[in-house]
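Values in this text are rule-based calculations from the coordinates and carry no lab data. All figures in this text were calculated on a predicted structure; none of them were measured in a lab. Please note: Cβ atoms are built from the backbone with ideal geometry, for glycine as well, and neighbour counts cover all protein chains shown.
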Amino acid sequence: MIHISETATGKIAEMLQDIGADQYFLRLGVNDGGCNGLSYSIRFDDSLDEGDRAFVWGTFQVVLDPTSEPFLEGVHIDYKEAGMTGGFTIDNPNAKFTCGCGASFRTATYRGKAKKCD
């Protein structure tokens, strides 16, 4: 199971309200790439794929694809304000190595396919 902090939940709900689309949900995923081999994918989506697992969090739905789900088990998502900026943070207990920015990781059993970060 994943956890989304109250702050992040509010920010996601606000972003969904801003785009004015009730049919959208938050899609969380993991893809090969990034300097450590795996990178996070967080986006709004409006179509489900076969095998997706959806659950309600607050006022919106969260969807995980079956390939990403094991990498996201136990993930904690938060939103932090930093001066004039802010952003989502991901604390992943499965990540054994992470890059400096926290957007790329690898696990003890899967290295992914590292790519040079832009």
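As a proxy for reagent exposure, ranking I4, I19, I42, I90 by other Cβ atoms within 10 Å from fewest up yields I19, I42, I90, I4. Annotation for T89 and I19: the two label points, set 7 Å from Cα along the Cα-Cβ direction, are 2.5 nm apart.
Pull out a ≥ b ≥ c, the square roots of the eigenvalues of the alpha-carbon gyration tensor of segment 3-106, then state rounded if a/c is under 1.5, prolate if not and a/b is larger than b/c, and oblate in the remaining case. In terms of gyration-tensor shape, oblate. Distant-in-sequence amide contacts of Q61, defined by a placed amide H-H separation under 5 Å and a gap of 5 or more residues or a different chain, comprise L26.
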